[in-house]
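Notes follow once the structure below has been shown.
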Amino acid sequence: MDLTRNIENDSINRMPSPKSTSAGRPLHALLGVTGSIAAYKSAELVRLLQTAGWEVTVIMTRSATEFVGELTFRTLTRKPVGLDMFGPREEWKPEHIAYAEQADLFVIAPCTANVMAKLAQGLADDLLSCSALACTAPLILAPAMNDNMWRHAATRANLRTLLQRGVRIVNPGSGDLACGRKGEGRMADPKVILNEIFRTAKSTRGKRTKS
């Protein structure tokens, strides 16, 4: 049985975007990018969010930079990209706390099996995982991995744990995988992820979690 919620490939027009908070400022998405070939699709997600009126800040794992350069996201967002827990900041505040506090919504796309396991177990050994643990905004994951990894008992157990905490999961799609296999594990289309971002923002506006 599929544990995750199936999200239909709705068009953007069918799911209007909330654009601002009750205070009138633009909604702010914190986008985590992890080490998957699907990382190139995250650039499109940034542009879709910006077109919808959102502010976007990006955190990348070191593995993600092996697939897409940090400069890509810095250029698209016109902001520094989070890579290092100990990077210099203009004000005193731990890096992961600074990122966590500015987010109205945290989305990790693509999310590898490794990062899913970290989040399920509460591990925090880099900027992305520390920020996720410190963030009380709604969390959305868009998994991307080999089909055997997606079906593995450990991944399914981690998925159950995350769902029980209220994490939103955007199902991976089926088709040709980077490893040469065919099966379920491709990151969902950025427009599908965008629609789940809109749904979550509308249903949880102003709400924070302690998961």
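Residue 131 meets all of the listed conditions (1) of a type in the set (Gly, Ala, Ser); (2) under 22 Å from residue 44 (Cα atoms); (3) assigned to a helix (DSSP H, G or I) but one, namely (2).
Residues that are out of contact with any Pro (no Cβ under 7 Å at 6 or more places or on another chain), assigned to a strand (DSSP E or B) and among the basic types (Lys, Arg) within segment 169-204 comprise just one, 182. In segment 38-51, the residues that are touching a residue at least 12 places away in the same chain (Cβ under 8 Å) form Cβ pairs under 7 Å with partners that are assigned to a helix (DSSP H, G or I) and aliphatic (A, V, I, L, M), at six or more places apart or across chains, as follows: 39/64; 43/76; 45/193; 45/194; 46/76; 47/76; 48/194; 49/194. The lone criterion from (1) out of contact with any Ser or Thr (no Cβ under 6 Å at 6 or more places or on another chain); (2) modelled with pLDDT under 85; (3) outside any loop (DSSP other than H, G, I, E, B) left unmet by residue 96 is number (1). For segment 143-195, residues that are touching a strand residue (DSSP E or B) at 6+ places or on another chain (Cβ under 6 Å), under 19 Å from residue 31 (Cα atoms) and of a type outside the set (A, V, I, L, M) total 4. Annotation: residue 136 fulfils all but one of (1) in a loop (DSSP other than H, G, I, E, B); (2) at pLDDT 95 or above; (3) among the polar types (S, T, N, Q); the unmet one is (2).
Here's a check for you: in segment 1-54, which residue that is at pLDDT below 55 and outside any loop (DSSP other than H, G, I, E, B) is surrounded by the most Cβ atoms within 10 Å (Cβ to Cβ)? In this case the residue turns out to be 12.
Residues that are under 22 Å from residue 66 (Cα atoms) and surrounded by fewer than 24 Cβ atoms within 10 Å (Cβ to Cβ) do not occur anywhere in segment 131-145. Within segment 101-126, being modelled with pLDDT of 95 or more and assigned to a helix (DSSP H, G or I) holds for 113, 114, 115, 116, 117, 118, 119, 120, 121. Do you know which residues across segment 115-164 are acidic (Asp, Glu) and either under 23 Å from residue 189 (Cα atoms) or in contact with a His (Cβ under 6 Å, 6 or more places away or on another chain) (or both)? Selection gives 147 alone.
Annotation note: of 77, 155, the sole residue that is modelled with pLDDT of 95 or more, farther than 21 Å from residue 167 by Cα, β-branched (Val, Ile, Thr) and in contact with a helix residue (DSSP H, G or I) (Cβ under 8 Å, 6 or more places away or on another chain) is 77.
Right, residue 166: at pLDDT 90 or above, assigned to a loop (DSSP other than H, G, I, E, B) and closer than 23 Å to residue 56 by Cβ or not? Considered against the rule, which asks whether it is at pLDDT 90 or above, assigned to a loop (DSSP other than H, G, I, E, B) and closer than 23 Å to residue 56 by Cβ, residue 166 comes out as yes. Of all residues in segment 136-157, those that are among the hydroxyl-bearing types (Ser, Thr, Tyr) have Cβ atoms under 8 Å from Cβ atoms of residues that are assigned to a loop (DSSP other than H, G, I, E, B), 6 or more apart or on another chain, in 136/208; 136/209; 136/210; 155/145.
The values are calculated or read from the model by the stated rules, or taken from the named source; none is laboratory data. Everything quoted here is computed from the prediction, not taken from an experiment. We place every Cβ from the backbone using ideal geometry, glycine too, and count neighbours over all the protein chains shown.
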